[in-house]
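Right, one structure below, let's go through it.
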Amino acid sequence: MSTQAAGGIAVAPGAAAQSRGIDWSNVVLNAYILLFFVYLFAPLLVMSLAAFNAYDYPSVTQWRGWTLKWFDALAGDQRMIQGLLNSLVVALGVIGISLPLGLSGAFVLTRLQSRANTLLYAVLVSPLLMPGIILGISTLIFWKRFDVPGGLFLTVLAQASFIASYSMLLFMARLQRQDRDLEEAAQDLGASSLLLFRRITLPFLAPTIATAAVIAFLQSIENYNTTVFAIGGDWTLVTEIGSRFRFGLSPEINVIGVIFVAITIVAATLYVLFRKRELMAARAR
Amino acid sequence: MRDLVRSYGKTLTTIFVALVCFWVLIMIVLPQAFMIEQSLWTMQRDSALGVKIDRAYADLATMNYDLGNARDESAKTALQAKIDALQAGISDMEQRETKPHKIYGLQNYTAMSGLHFRIFVKSIVYALAVTVLALLVCYPLAFTIAKLATPQRAALLLLGLVIPYAINELLRVYAWLMILDYQGVINSALEALGLVSFQDKTWVPFLEYSGSVFVALIYAYVLFMVFPIYNTVETLDKNQLEAAEDLGGSIWRTHWRVVIPHAKPGIAVGCIMTFMLSVGSYSVPQIMTRGKSGDWFSQLIYRQFFETQSWNLGAAYAFSLVLVCLVFILLMMKLFGVGIRDIAK
């Protein structure tokens with residue numbers, strides 16, 4: 001690994017320089033990038049392949065023929081399905097809490113002209129800079145004093161504490177590009193502040209609200225390190241996967257992996273195509 | 001504040017401020033404060049208390065018997081006073097037994113055993129190594145995608161980075177479990193080369209080494225280094241690179257004097273995220289060791305909460321981890337000369 005890295009550094013700038021004949025630095029650089037992508041994708045390929053192996057233990061090396069039986073096994077796994085439902089409930093809760101909090105934080109921080117501003121900013125982004133397990137632990141300890149045990153509710157709160165920071169940063173970036181003149185003109189024309197908010201500010205933020213909701217959803221579904229401390233006796237899809245690692249492994253987990261990989265590739269490709277179309281439409285105008 | 005009211009009116013401003021207060025207090029500051037408070041006390045454990053209470057009851061019975069037999073009035077009152085005092089003492093002791101005293105102090109921080117301290121240091125050292133290696137791997141990659149690739153190729157490469165980034169951390173680590181397992185991909189390759197034999201169980205037990213956790217940590221968190229660096233390098237004006245080249249700057253000098261200074265905030269964010277995720281990761285060591293080989297610090301913390309039920313010690317360990325991350329963040333901010341506004345974007 002380290003020799004690769006050193007080679008990459010030595011060569012990356014070299015590609016900027018034009019050399020005669022075969023551009024060796026370019027060749028090495030391309031090889032480096034290729035190697036990195038092999039490193040990224042080969043493990044995912046191994047994991048996906050094992051989902052189709054008839055062998056009882058997840059493996060690609062002890063091949064016992066192709067099968068789809070692990071897909072059936074997963075479909076009949078009540079705990080996994082309940083876990084997925086719990087994950088969806090938590091994710092909706094997180095969206096419901098973190099978007100209003102993120103919006104409020106962004107409004108206050110963009111308009112508050114005070115020395116407290118930087119301090120408030122530091123506090124509101126601090127959950128992003130703290131290990132996930134800490135958020136789970138501190139939430140668990142805090143609510144224990146009020147006799148609220150770990151469970152889906154605490155998981156929502158613990159996850160929302162840092163996901164709200166993500167949404168806040170998205171909203172702040174958007175608000176910085178807002179044209180304040182429009183609001184002032186509306187105010188001069190006698191629009192009430194509520195009307196102004198509903199007719200100007202919210203529509204301006206609408207695309208960001210959608211993006212923030214999608215990101216909050218994904219972050220929540222994926223989360224393990226915070227959730228595992230706050231979940232108590234309940235479980236989500238991901239904590240259920242985590243607890244399966246302790247007791248015998250099964251290719252069922254590989255099937256979940258295949259599904260995740262497939263959804264991600266389809267979603268990412270659709271997103272890129274959608275963006276491309278948008279760009280072309282913008283250019284055609 | 002006046003600006004806020006002027007823009008959104010009193011009603012909305014009240015709602016915003018109330019929500020922010022809720023977030024700050026109930027979801028961030030108070031939970032942290034309670035965690036720190038929890039780490040600062042232990043329950044007083046007086047195991048002899050039960051015996052003491054039993055003995056006091058026996059004494060009480062004797063005194064009551066004496067009281068019944070006493071004839072002298074003054075002896076009776078003296079005895080009665082003794083009985084009352086003893087009874088008060090008993091109820092005090094009983095209260096202590098059901099509601100033990102908290103003793104405040106740093107005992108949870110100094111109680112860390114030699115073994116736990118070594119694990120603590122090991123986790124930090126490995127996280128630092130992950131950070132440095134990720135930086136070395138990612139800088140050339142981020143620079144190439146941002147500045148050398150054609151826009152179409154850059155978009156494709158970014159898509160290739162986003163896909164594994166979006167796939168669940170647990171599943172990505174799990175893939176490495178299959179590669180490093182006793183009869184996994186690497187051992188099978190070694191067997192094919194005749195270097196190990198499955199029958200004699202002479203396979204290399206990769207999963208019993210800390211190195212396998214290291215490999216999985218890098219794989220899990222390397223992409224958190226690429227994107228921040230890419231984002232900052234991407235905003236660098238290409239003319240600056242050409243100017244540096246025209247002025248005869250060597251490749252190294254151009255990077256040292258032009259690209260790296262520009263990418264400082266991205267490098268700082270990448271290092272902070274990679275370090276923080278690695279040092280606090282529960283998932284990676286948990287999956288790779290499966291509780292069979294040595295614990296990592298995050299696993300120790302988990303055990304304090306859910307296996308030995310010593311929340312006070314667990315809180316102290318957790319806060320130690322927060323302090324490590326805080327020190328690392330401050331170091332990075334100082335080293336790269338960036339502020340909190342630059343690092344959280």
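What the table below lists for this structure:
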{"quantity": "Selection count where residues are farther than 14 Å from A:S220 by Cβ and in contact with a Leu (Cβ under 7 Å, 6 or more places away or on another chain), scope segment A:134-159", "calculated": "7"}
{"quantity": "Positions within segment B:293-319 being part of a helix (DSSP H, G or I) and aromatic (F, W, Y), in sequence order", "calculated": "B:F297, B:Y302, B:F305, B:F306, B:W311, B:Y317, B:F319"}
{"quantity": "Qualifying position, being free of Cβ contacts under 8 Å to residues at least 24 places away in the same chain, open to solvent by 50 Å² or more (accessible area, probe 1.4 Å) and of a type outside the set (G, A, S), among B:K76, B:K52", "calculated": "B:K76"}
{"quantity": "Residue in segment B:6-29 that is among the basic types (K, R) and farther than 30 Å from A:T201 by Cα present", "calculated": "no"}
{"quantity": "Test: residue in segment A:65-80 that is over 27 Å from the mean Cα position of the chain (by Cα) and within 11 Å of chain B (Cβ to nearest Cβ)", "calculated": "no"}
{"quantity": "Checking A:I265 against (1) in contact (Cβ under 8 Å) with a residue 60 or more places away in the chain; (2) within 16 Å of the chain's Cα centre (by Cα), the condition it does not meet", "calculated": "(1)"}
{"quantity": "Listing of helices (runs of 4 or more DSSP H) fully contained in segment A:219-285 that carry 2 or more residues being under 17 Å from B:S281 (Cα atoms)", "calculated": "A:227-230, A:237-244"}
{"quantity": "Matching residues, segment B:133-185, being more than 9 Å from chain A (Cβ to nearest Cβ) and of a type in the set (S, T, N, Q)", "calculated": "B:T150, B:Q152"}
{"quantity": "Given (1) without any contact (Cβ under 8 Å) to a residue 12 or more places away in the chain; (2) at the interface with chain A (Cβ under 8 Å from one of its Cβ atoms); (3) open to solvent by 30 Å² or more (accessible area, probe 1.4 Å), number of the condition B:L326 does not satisfy", "calculated": "(2)"}
{"quantity": "Wholly enclosed helices (runs of 4 or more DSSP H) of segment B:227-292 bearing at least 1 residues touching a residue at least 60 places away in the same chain (Cβ under 8 Å) and within 23 Å of A:G136 (Cα to Cα)", "calculated": "B:260-279, B:283-289"}
{"quantity": "Restricting segment B:234-288 to residues that are open to solvent by less than 10 Å² (accessible area, probe 1.4 Å), of a type in the set (V, I, T) and farther than 21 Å from B:G339 by Cα, the residue that is farthest from the other protein chains (Cβ to nearest Cβ)", "calculated": "B:V284"}
{"quantity": "Scope segment B:154-203; condition among the charged types (D, E, K, R) and open to solvent by 20 Å² or more (accessible area, probe 1.4 Å); matching residues", "calculated": "B:E169, B:E191, B:D200, B:K201"}
{"quantity": "For A:L40: the one exception among (1) within 14 Å of chain B (Cβ to nearest Cβ); (2) of a type in the set (A, V, I, L, M, F, W, C); (3) more than 27 Å from the chain's Cα centre (by Cα)", "calculated": "(3)"}
{"quantity": "Members of segment A:125-156 that are among the aliphatic types (A, V, I, L, M), over 17 Å from the mean Cα position of the chain (by Cα) and within 7 Å of chain B (Cβ to nearest Cβ)", "calculated": "A:I134, A:I137, A:I141"}
{"quantity": "Any helices (runs of 4 or more DSSP H) falling wholly within segment B:102-193 and containing at least 2 residues that are in contact with a Lys or Arg (Cβ under 9 Å, 6 or more places away or on another chain)", "calculated": "B:151-166"}
{"quantity": "Residue list for segment A:158-174, filter: closer than 16 Å to A:F107 by Cα, of a type in the set (A, V, I, L, M, F, W, C) and touching a residue at least 40 places away in the same chain (Cβ under 8 Å)", "calculated": "A:A164, A:M168, A:L169, A:L170, A:F171, A:M172"}
{"quantity": "Candidate set from segment A:175-198 (those that are touching a residue at least 12 places away in the same chain (Cβ under 8 Å) and outside any helix (DSSP H, G or I)); member that is nearest to the chain's Cα centre (by Cα)", "calculated": "A:Q176"}
{"quantity": "All positions within segment B:289-311 that are open to solvent by less than 30 Å² (accessible area, probe 1.4 Å) and either outside the structural domain of B:A175 (by TED's automatic domain parsing) or of a type outside the set (S, T, Y) (or both)", "calculated": "B:D295, B:W296, B:F297, B:Q299, B:L300, B:I301, B:Q304, B:F305"}
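The values are calculated or read from the model by the stated rules, or taken from the named source; none is laboratory data. The structure displayed is predicted, hence computed values, not measured ones. Using ideal geometry, Cβ is built from the backbone for each residue, glycine included, and neighbour counts are taken over all protein chains shown. Areas reflect the complete protein model, heavy atoms only, side chains present, ligands, DNA and RNA absent. Shrake-Rupley method; radii C 1.70, N 1.55, O 1.52, S 1.80 Å.
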